[in-house]
Amino acid sequence: MVRCLAERVRKWLCKSHTFRMATAVMNTPMCGGVETVRVGVVLTTSPEYKDCVALAVEGCEINHKSAANEEPKSFTFDQVVTADCVESLHSELLQPLTESISNGYNVALLMCGTPTEMVGAVTDKSILRQVLTSLFSCTTSEEKAESFTSVSFLQFYPDGNAVDLLSLNKETLQLVIHPVLGSVVEGLSEVCVCSAEEACDVFKACRESMKTNGGSISSRCSFLFSVTAEWKLHPEQAESDVCRSKLQLFGLTGGASRTDLRGVIPLLKVLDQTLNSPPVVGDSLLHELLKDALTGTNRTFLIYCINPQGFLDDETQSALHLAQKVRGLVTKPTSVCWNPRTVEQELRERIMELQNVVLLGESEVQSIYKLAQLTQNLKIVKHQSWEKRREESERIKAKLKKSSISSHQLSVDCLMKEKGSTETAKYLQEKLRQEMEEHIREGKGSAEKVQERVTRIQQLKEALREETLKDGNVSAKSQFCQQTESPQRELLVLSRERQVLVMQIEALRAEAQQAEGDLQDQHHRHQTELHCLREESLQVFRAFRQVSEEQRKISEGRYRSVLLEAVQDAIYLSAQNQQLQAENKELRKALGEIKDALAVRGDPVTDLINQHQ
């Protein structure tokens, strides 16, 4: 039996080398199917001399000169346009994007710059609408009659925390590298869409929800809007192969300079790390997604919005350096074409084979880790069912319609109507103090509860600020809030949010320590259980061996005694036989002597004896 299982394990190991992603690397002019990241720069104003900063544009090249009488530095990109001609990005820079998605490739589009210009480039200038319209026109063609398209939206806070705005249960989000599907965010909710207009509506609704949830720090929150398109290659077949492509639209906030008051853009943090090294423990989900987009199997595009008049000299030069550095990165685009039923069956077979190996107790740690990985891959494959995703999408849509306004905001609005201004302010201050104390006291909860509590604190602070404005400082405060680029305003916002962010980080750190302790306890319990099972098995084997040894000794003693008796009988019979032969010989000798004596005497008895003989 052991040899049979060992042979099955050997076949499984051989099979694991052939079970790889069903992908095909695109033939490009560069060797090995490697492509560079394409970068486009959008100048929000016409380049001109101002504040000792000079920008000169010549085609796809930008010459930048600072005020220190330095030599101009040249930066080359794939396309450089002004805000008035941003529509040309889709027809030129982003032209391969739609074709790539139609051929089953994954595409990542990164939008960077100031929040105002970035959102304007995505919505007002209709870049997103143009891309989605082209995408749906390709995926809904006659050749791809049976298709499935879904969208998702993630909000990333400055501290790295990620929130799924379409999730009903607020599940834990984790980036998983699937051997067939590639990068998959486990726990991410999706909404099924049938047109570009519906996809744009979901995007706009999530952007509004993002502003509401983020409160005063919403302008410093990044986001990821994903569109996944799938279609059957042979719709007439019951189990047809499925082609899968994904568009990831990143909206990244922050400055390229480390001294920017809005914070550092996540893209700069990712580039500072070694992109080819394994993920560092503690990396946020956004950093992992950006690493995969910049060095994985995607076709990646970057659009960087730069305001040469509004930015400081250091910021403009840092942004140009960052964009050019991204342009030097390479990816290896691959297409995904797979058969869900076949992959699911192969995973189930490998899980069953590995379970038998674990039961034998051979290579326990590696086998258990591999079994957990295969189980997770099987769970992801089962979740790719179109029927299940459509059902979940309908539940999400129904939930979004009912909860367009959060229950907490409704309660605050009702309180504003019922109570006076002074009483409301006092009530909000007391409520804010209670929430802060509760947050500090119960900081070891789950990430979802911590984020929910922080959101409530931010909403209470925003409501308290609005109530303070009503008491007489409306004009001054509103004028101050309109100065969005003012460093003093940013410093004030940072000081207000510092305490909340510090408490949130402490709570997350405590939660991580608690999770690590729980994991160690679980590992210890597992090791103890395995030790007990091993000891129990050894005791059973020892008892069985002892009984077998006793039975063997009894049988051996019995056989030895029987053999000894047989040998003794043989010796006795041999001795008796020799004795009889000797006596017979003596009798014959005596008889011969008697005959000789009688013959000498002539006795007639001798003749009778001879005749008788």
Taking the stretch 161-178 and keeping residues charged (D, E, K, R) and either free of Cβ contacts under 8 Å to residues at least 40 places away in the same chain or out of contact with any helix residue (DSSP H, G or I) (no Cβ under 7 Å at 6 or more places or on another chain) (or both) leaves Asp164, Glu171
So which of Lys204, Lys246, Lys211 ends up being charged (D, E, K, R), buried (at least 19 other Cβ atoms within 10 Å of the Cβ) and under 24 Å from Gly113 (Cα atoms)? Lys246
Being among the hydroxyl-bearing types (Ser, Thr, Tyr) and closer than 29 Å to Ser189 by Cα is the filter here, so list the residues in the stretch 335-380 that pass it. Ser335, Thr342, Tyr369, Thr375
Just to be sure, is Glu565 modelled with pLDDT of 90 or more and open to solvent by less than 100 Å² (accessible area, probe 1.4 Å)? no
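Quick grid of which residues meet (1) under 22 Å from Gln451 (Cα atoms); (2) part of a helix (DSSP H, G or I); (3) at pLDDT below 65; (4) open to solvent by less than 100 Å² (accessible area, probe 1.4 Å):
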{"position": "Phe480", "(1), (2), (3), (4)": "no, yes, yes, yes"}
{"position": "Gln488", "(1), (2), (3), (4)": "no, yes, yes, no"}
{"position": "Leu501", "(1), (2), (3), (4)": "yes, yes, no, yes"}
{"position": "Gln514", "(1), (2), (3), (4)": "yes, yes, no, yes"}
{"position": "His526", "(1), (2), (3), (4)": "no, yes, no, yes"}
{"position": "Leu533", "(1), (2), (3), (4)": "no, yes, no, yes"}
{"position": "Phe544", "(1), (2), (3), (4)": "no, yes, no, no"}
{"position": "Ser548", "(1), (2), (3), (4)": "no, yes, no, yes"}
Mind listing whichever residues of the stretch 296-345 are touching a helix residue (DSSP H, G or I) at 6+ places or on another chain (Cβ under 7 Å) and of a type in the set (Ser, Thr, Tyr)? Thr300, Tyr304, Thr331
Would you point out which residue out of Leu519, Leu580, Leu508, Leu587 is under 60 Å from the mean Cα position of the chain (by Cα), open to solvent by 100 Å² or more (accessible area, probe 1.4 Å) and among the aliphatic types (A, V, I, L, M)? Leu519
Considering only residues that are closer than 18 Å to Met111 by Cα, at pLDDT 90 or above and β-branched (Val, Ile, Thr), which ones fall in the stretch 207-264? Val227
When the stretch 300-351 is checked residue by residue, the ones that are in a loop (DSSP other than H, G, I, E, B) and either acidic (Asp, Glu) or at pLDDT 90 or above (or both) are Gly328, Leu329, Lys332, Pro333, Asn339
Can you report the number of residues in the stretch 320-373 which are surrounded by 19 or more Cβ atoms within 10 Å (Cβ to Cβ) and without any contact (Cβ under 8 Å) to a residue 60 or more places away in the chain? 2
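The values are calculated or read from the model by the stated rules, or taken from the named source; none is laboratory data. Owing to the predicted nature of the structure, the values given are computational and were not obtained by experimental measurement. Because the Cβ atoms are built from the backbone with ideal geometry, glycine has one as well, and the counts that use them run over all protein chains shown. SASA here: full protein model, heavy atoms, side chains in, ligands and nucleic acids out. Shrake-Rupley method; radii C 1.70, N 1.55, O 1.52, S 1.80 Å.
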